[in-house]
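The values are calculated or read from the model by the stated rules, or taken from the named source; none is laboratory data. Remember, predicted model here, so these are calculated numbers, not experimental data. Because the Cβ atoms are built from the backbone with ideal geometry, glycine has one as well, and the counts that use them run over all protein chains shown. Note: areas computed on protein heavy atoms with side chains; ligands, DNA, RNA excluded. Shrake-Rupley method; radii C 1.70, N 1.55, O 1.52, S 1.80 Å.
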Amino acid sequence: MGFLKSFFSGKAENPEAEKQKNEQKNFEIFKYDGMRAQRMGRIDYAIKCFTEALKIQDDFETMGYLVQVYIQTGELEEARKLLERMTRLESGHATAYLTLANVCYMLEDYPAMADAAQKAIGIEEGNAMAHYLLGKAVDGQGDGLMCIAHLTKAIVLKDDFTEARLLRAEALYKMQQYKEAMEDIDAILAQNADEESALLLRGKIKEATGDNEAAEADYSHVTDLNPFNEQAFLYLGQLYIEQKKLTEAIALFDEAIELNPNFAQAYHERGRAKLLNGDKDGSMEDMKKGLELNPKEVQNFNGLYNNQPGGRQTDILGL
């Protein structure tokens with residue numbers, strides 16, 4: 001009787017097809033619930049939904065959404081594992097390799113970053129971002145010459161590539177190739193006269209070549225543009241200390257600490273200025289506070305900030 005009913009209704013019972021239909025339905029529910037949760041900022045729930053969806057189906061798009069969430073929450077190793085899974089699923093997808101390279105950069109795994117960038121180049125030779133990331137990877141491994149070579153390729157492909165020009169200028173600065181570094185900085189500032197990182201690096205070059213007045217002007221300009229640019233306060237304060245302008249340095253770091261009471265390096269540098277100014281007690285108090293806020297950064301502070309250009313600002317890719 002059941003057979004005749006299904007025959008005349010045109011619907012033969014197929015348990016396997018029904019199972020697949022239900023699985024697809026459940027997959028879509030989990031996927032789109034995860035997308036809604038992500039948009040609403042309910043990150044934990046989004047992770048659960050995407051994870052359940054991927055148990056049902058290896059869906060490249062869903063993996064991409066989960067990678068975004070993992071990066072957002074700082075779960076970089078999980079993001080890396082999932083991206084590696086994505087590249088196995090679709091080996092010809094350059095964007096997955098670019099995102100993997102960026103995650104490896106955040107993990108400070110520069111050889112893996114270089115490998116991912118090279119694979120992206122193998123897929124899209126003309127991809128300027130891939131050449132930029134490869135330059136960034138070899139820079140992380142201390143190879144300044146190859147860094148410049150890869151960044152030059154990126155700039156040839158995309159002349160207005162500000163991040164590539166800035167990184168190349170930093171590499172040239174480290175090699176004391178100041179004239180060549182200034183060419184990149186001038187190109188950046190021609191596009192955007194208020195580009196803070198370029199102004200700070202120009203200040204470091206001016207300082208290195210003995211033009212302290214011009215360096216001071218650049219650092220001061222950045223503090224005016226953005227009172228929350230900590231690097232600008234550090235460079236300007238350190239320049240004041242080098243020039244024995246200790247009162248000005250202390251006042252500047254007072255302002256920086258007022259803007260950000262947790263600014264460990266500012267306490268450290270203000271303590272240095274106070275010590276040179278004869279205030280041993282004030283110096284000890286500031287040094288102690290700086291160490292409490294950030295022991296690792298402060299212990300390495302002089303080597304990092306007195307001899308090198310600004311720490312790289314990694315908000316470039318917007319991944």
From the square roots a ≥ b ≥ c of the eigenvalues of the alpha-carbon gyration tensor of segment 115-159, which class results: rounded (a/c under 1.5), prolate (a/b over b/c), or oblate? oblate
List, largest first, the extents of the alpha carbons of the chain along their principal axes, each in whole Å. 102, 45, 31
Calculated from DSSP helices alone, with each H run of at least 4 adding -39500 (n - 2.57) and the total divided by the residues of the chain, [θ]222 nm to the nearest 500 comes to -24500 deg cm²/dmol
Could you please report the charge total around residue 93, scoring K, R as +1 and D, E as -1 over all other residues with beta-carbon less than 15 angstrom from its beta-carbon? -3
Once phi for every residue in segment 254-260 is put through the Karplus expression 6.51 cos²θ - 1.76 cosθ + 1.60 (θ = phi - 60°), the whole-Hz ³J(HN,Hα) values, with Gly and Pro written as x, are 4, 5, 4, 6, 5, 6, 9
By how many nm would the segment from residue 91 to residue 180 lengthen if fully extended, with 0.36 nm per residue of separation less the alpha-carbon distance? 28.2 nm
With a cut-off of 17 Å, note down the residues of segment 224-242 whose backbone N falls inside the zone around a label point 7 Å from the Cα of residue 277 toward its beta carbon. 233-242
Binning at 5 Å from 0, report for segment 204-249 what percent of all alpha-carbon pair distances ends up in each bin. 5, 26, 32, 25, 11, 1
How large is ³J(HN,Hα), in whole Hz, for each residue of segment 41-50 in order, when computed from phi with the Karplus curve 6.51 cos²θ - 1.76 cosθ + 1.60 and θ = phi - 60°, using x for Gly and Pro? x, 8, 5, 4, 5, 4, 4, 4, 5, 5
Taking the simple approach of a point 7 Å from Cα along Cα-to-Cβ for both residue 75 and residue 294, what is their distance in nm? 2.8 nm
If you take all C-alpha pairs in segment 134-286, what percent of them are over 18 Å apart? 62 percent
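Taking 0.36 nm per intervening residue step and subtracting the Cα-Cα distance, what contour gain separates residue 51 from residue 262 on full extension?
72.2 nm
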Using a 1.4 angstrom probe and counting only protein chains, how large is the accessible area of residue 182 in Å², to 10? 40 Å²
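Over the chain, what percent of the accessible surface lies on carbon and sulfur atoms, probe 1.4 Å? Walk me through the numbers before you get to the answer.
Working: 8300 of 17070 Å².
That fraction is 49 percent.
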Probe 1.4 Å, accessible area per residue of the chain, Å²: 54 Å²
Could you please report the charge total around residue 202, scoring K, R as +1 and D, E as -1 over all other residues with beta-carbon less than 9 angstrom from its beta-carbon? 0
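Kindly rank 227-234, 36-43 from highest to lowest mean number of other beta carbons found within 10 Å of each residue.
Ranked by mean Cβ neighbours within 10 Å, highest first: 227-234, 36-43.
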In terms of the charge dipole of the chain, which places +1 on Lys and Arg and -1 on Asp and Glu at the beta carbon, the residue among 192, 26, 128 farthest towards the positive end is 26
Please work out the FRET efficiency for the pair residue 224 and residue 84, using the Cβ-Cβ distance as r and a Förster radius of 41 Å; give the result to the nearest 0.05. 0.35
Quote the relative contact order of the chain in percent (integer), defining contacts as alpha-carbon pairs under 8 Å separated by 6+ residues. 7 percent
Karplus 3J(HN,Hα) series, Hz, for segment 73-79 with 6.51 cos²θ - 1.76 cosθ + 1.60 (x for Gly, Pro): 8, x, 8, 6, 5, 5, 4
Return, ordered by residue number, the residues of segment 116-148 whose backbone nitrogen is under 15 Å from a label point located 7 Å along Cα→Cβ of residue 60. 120, 123-124
